[in-house]
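This report concerns only the one structure given below.
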Amino acid sequence: MKNKIKEIRTKLNITQDELAQSVGVRRETIVFLEQGKYNPSLNLAHSVAKKLKIKIDDLFIFEEEDEKRK
């Protein structure tokens with residue numbers, strides 16, 4: 001799943017560590033989220049979006065299976 005976490009986090013001048021601490025996860029989790037290697041729970045996605053002051057739908061890009069195959 002693609003996302004805009006790094007882009008928004010950088011614009012807000014928030015470090016990975018600060019974001020991780022504020023949402024209750026390890027920095028490595030934020031790294032994996034930003035790289036698209038980890039799909040967060042709805043609770044974590046909501047917490048990250050809230051901290052970054054953006055809607056979940058605008059932060060995460062959900063791709064349909066058909067679109068991935070193109």
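Odds and ends about this structure:
- Rounded to the nearest 500, the 222 nm mean residue ellipticity of the chain from helices alone is -15000 deg cm²/dmol, with -39,500 (n - 2.57) taken per DSSP H run of at least 4 residues.
- Computed from backbone phi, the HN-Hα couplings of region 28-45 come to 4, 5, 5, 4, 5, 4, 4, 7, x, 9, 9, 9, x, 5, 4, 4, 5, 4 Hz, rounded to whole numbers (Karplus: 6.51 cos²θ - 1.76 cosθ + 1.60, θ = phi - 60°; Gly and Pro given as x).
- The amide H of N3, built 1.01 Å from its N in the peptide plane, has I61 as neighbours under 5 Å, considering only residues 5 or more places off or on other chains.
- Answer label, with mean projected area of the Cα convex hull in nm² calculated from the coordinates and candidates [x] 4.6; [y] 4.1; [z] 5.0: [x]
- If you plug the beta carbon distance of Y38 and N13 into 1/(1 + (r/R0)^6) with R0 = 25 Å, you get a FRET efficiency near 0.60.
- The 3J(HN,Hα) values that the Karplus relation (6.51, -1.76, 1.60; θ = phi - 60°) gives for region 53-62 are, in residue order, 6, 9, 6, 3, 4, 8, 8, 10, 10, 8 Hz. Gly and Pro appear as x.
Since every read-out is calculated from the coordinates, none of them should be taken as a lab result. None of these values were measured; they are calculated from a predicted model. Using ideal geometry, Cβ is built from the backbone for each residue, glycine included, and neighbour counts are taken over all protein chains shown.
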